[in-house]
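What follows is a single structure, written as structure tokens, with notes after it.
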Amino acid sequence: MNCEKVQKLLPEYWAETIPVNSHREIEQHLHQCDTCQAEAEMLGELWADLDRLPTLEPSTDVRSRFYGMLDAYRSGVDEKPKRNWFHWAIPAGAFAMLAIGIFVGRVNVTPVDPQIAQLRGEIHGMRQMMALSLLQQQSPADRMRGVSYAYRLDKSDGDVVTALLETVKSDPSVNVRLAAVDAFRKVGTGVAARKALIDSLKAQDSPLVQIAIIELLVDLNDRTTAKSLQSFSVDSAVPKEVQESARWAAGQLN
Amino acid sequence: MKLAFFLIAAFPLIAQQDYAVAFSDDARPRVLKADIVNGRITVRGYSGKDAIITNESMAREPRRLDTDGVFSLTEQNNVITLNGGVRKQANLTIQVPHRTSLQLRCTNCGELRVEGIEGDIDVNTVNGGVRLINVSGSVLAHSLNQSVTAIIDRVDPNKAMSFSSMNGSIDCTFPTDLRANVRMRTTNGKIHTDFDVRLAGGEAIRMDRGISGTINGGGPEILFKAFNGSIHIRKK
């Protein structure tokens, strides 16, 4: 069995839904191949984490919210549908997106094995789901693992960036907040996220987190943040060390 | 659902008193949460089943029975929660089963000390140091103004850890076979380690941007963050 085939079968291998013969062949291959071994360990860890996720219990008002939504839906159905341009815009937009997709697909000549691309996409999706789910947990250790998953994402994702920003703003654990700030180096930030980080500076109760955010902004080399950092550095409510850091950062970015 | 509730300050004249609180549900992980404003917390692992709480400060002087200063101690779903009032000085020694997760907060601590615990340990202090001795599992430890010291026997291979201090140093001792991805950053201190850290970033390593690398091939993320202090990462 070659690497390609083994990597394709790894999800079924961990889910234990694979025939015994193939299972044995995969194990033999893993003993010989470090790359597949590392991939298998990573997937195994992800699988174990999915297993460990606590089952979320529905809150008590779920029933009333559900019936509220059902009533709203029924009353919407009962209303006479209005004909306006918006009804045509959605299918027209979908058709345009399809046409663009087909065009881009035809001109894109990069030879990527679709199965490997699909597998990568699935792993990315699972990591993203793990990050988002763990960041909501009660235990600080679990939230820290959520930040770790975010750190291991290959590319930035809007939902993960939003969850990390929320963590930086309000997580009770200083260490989880520090790790979330650090994760932005890997996950990446857009203009809106950088603005949100600057806005969160004042509300931070930990000077260490404030300094970590300032250092991150310098590392990201976003010159548009220099002015905000300069005004933050003369804010008398800010601790002395943080003021000095902000002054240094503004100087670096100017 | 079992709920135990005690008002410790209702017994101010009793000489040093132990309070035993049972964890009610063996099926769930044990968790101890404590949040104290003034005083000291020591948590020790022992081979019993209950949490035994000793408040030494109560032995010295009588306390007013005003509600503002009363401690509360509750148990629910295997989570014991202890909260200290603002005016009270709590010098607490808490014994819990070895396998218990901890979430401890102390603002004006002499020292927050944890010994012989296996679990997820999360400790935060403002004016006191943190000292963790012979602990296992995962650790998140932060002190704003003092040092963080940890001697870790075994590391949970699936969990990330973090150690941080603004004005103190960080001194951590790990098992020799530690596998980890480490990220270290201190602004005004130095970084020392006797582990072989394989540095990331190739030839262009910017010390002012912190250092990251792998130990023994890599593993869970461990973050070390200081500002005015140094970082020591030692082999056991």
* Asked: Counting only residues that are crowded, with 22+ Cβ neighbours inside 10 Å and hydroxyl-bearing (S, T, Y), how many does region A:157-172 have?
  -> 1
* What number of residues within region B:95-124 are farther than 15 Å from B:I41 by Cα and not hydroxyl-bearing (S, T, Y)? -> 6
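Which residue out of A:A150, A:A163 is within 18 Å of the chain's Cα centre (by Cα) and at pLDDT 90 or above? Before the answer, list the steps.
Numbers: A:A150 fails: at pLDDT 90 or above.
The unique qualifying residue is A:A163.
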* Restricting attention to region A:187-206, does a residue exist that is buried (at least 18 other Cβ atoms within 10 Å of the Cβ) and facing chain B (nearest Cβ under 10 Å)? -> yes
* Residues located in region B:215-236, provided they are in contact (Cβ under 8 Å) with a residue 40 or more places away in the chain and polar (S, T, N, Q) -> B:N228, B:S230
* Would a scan of region B:149-158 turn up a residue that is at pLDDT 95 or above, out of contact with any strand residue (DSSP E or B) (no Cβ under 7 Å at 6 or more places or on another chain) and aliphatic (A, V, I, L, M)? -> no
* Qualifying position, being touching a Leu at 6+ places or on another chain (Cβ under 6 Å) and of a type outside the set (V, I, T), among A:A212, A:A203, A:A237, A:A192 -> A:A212
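Scan region A:131-145 for residues that are assigned to a helix (DSSP H, G or I) and at the interface with chain B (Cβ under 9 Å from one of its Cβ atoms) and jot them down.
A:P140, A:A141, A:D142, A:M144, A:R145
The values are calculated or read from the model by the stated rules, or taken from the named source; none is laboratory data. Here the structure is a predicted model, which is why all the values come from computation and not from measurement. Every residue, glycine among them, receives a Cβ derived from its backbone with ideal geometry; neighbour counts consider all protein chains shown.
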